[in-house]
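Asks: Structure in structure tokens, see below.
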Amino acid sequence: MRLASACRFLLETESLSTPGLEDGVNGDSHLLVSLEDGKVAILISDGMGIGEAAAKQSRAAVAALARLLAAGLDAGFAVESVNALMSLQPDPGPFTTLDIALIDLHTGDAEIIKAGAPPTYIRRGSRVTAPGSPSAPAGVAIPVR
């Protein structure tokens, strides 16, 4: 028997997706993954470009990342692994962004990891910050920040 404390926080999410211009296919993918010890990962990916090729890249990146995180890999290493796998493709594109939020429902702490994604804005009262720095999309053989 294993005793665990109850989570102090509840996470509610919503998503909205609109069809793309090419054959009604959207290149964006998202997934909510429950991890061990009351942690949750929100994964968002934008396949750069339009149509099925962009959608395929986006889905593959999110699925691979979800499997690596569920297996217990460190988030930074998981993102670097997906980046490396995508950069090995014989066809040099399309690339995809990765936008990851790892949230601990016990403490309320969050870790945000980006690969080519737009900034995340954090609002505390009237103060708004955008932590982090620009990074290349996944599939480009550059370390992800």
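Asks: Keeping to segment 27-61, report how many residues are under 21 Å from L105 (Cβ atoms) and in a helix (DSSP H, G or I).
Replies: Residues in segment 27-61 being under 21 Å from L105 (Cβ atoms) and in a helix (DSSP H, G or I): 3 in total.
Asks: Here are some residues: G116, G72, G132. Which one is loosely packed, with under 11 Cβ neighbours inside 10 Å and on the phi > 0 side of the Ramachandran plot?
Replies: G72
Asks: Let me spell it out: the conditions are (1) modelled with pLDDT of 90 or more; (2) at positive phi, and G51 meets all of them except one. Which number is the exception?
Replies: (1)
Asks: For segment 49-69, what are the residues that are open to solvent by 80 Å² or more (accessible area, probe 1.4 Å) and in contact with a Ser or Thr (Cβ under 6 Å, 6 or more places away or on another chain)?
Replies: The answer is R59, and nothing else.
Asks: Out of L85, L68, L102, report the one residue that is modelled with pLDDT of 90 or more, within 24 Å of G27 (Cβ to Cβ) and part of a helix (DSSP H, G or I).
Replies: When all the criteria are applied, what remains is L68.
Asks: Hey, any hits in segment 89-98 for a residue that's open to solvent by 40 Å² or more (accessible area, probe 1.4 Å), of a type in the set (D, E, K, R) and in contact (Cβ under 8 Å) with a residue 60 or more places away in the chain?
Replies: The answer is no; no qualifying residue exists.
Asks: Here is a further query. For the subset of segment 31-47 comprising residues that are open to solvent by 80 Å² or more (accessible area, probe 1.4 Å) and either among the small types (G, A, S) or modelled with pLDDT under 90 (or both), which member is farthest from N83 (Cα to Cα)?
Replies: Here the residue is D37.
Asks: Going by the conditions given, is E80 open to solvent by 30 Å² or more (accessible area, probe 1.4 Å), part of a helix (DSSP H, G or I), modelled with pLDDT under 85 and not aliphatic (A, V, I, L, M)?
Replies: Criteria not met by E80.
The values are calculated or read from the model by the stated rules, or taken from the named source; none is laboratory data. Since the structure is predicted, the reported quantities are computational estimates derived from the model, not experimental observations. We place every Cβ from the backbone using ideal geometry, glycine too, and count neighbours over all the protein chains shown. The accessibility values were calculated without ligands, DNA or RNA, using every heavy atom of the protein model including side chains. Shrake-Rupley method; radii C 1.70, N 1.55, O 1.52, S 1.80 Å.
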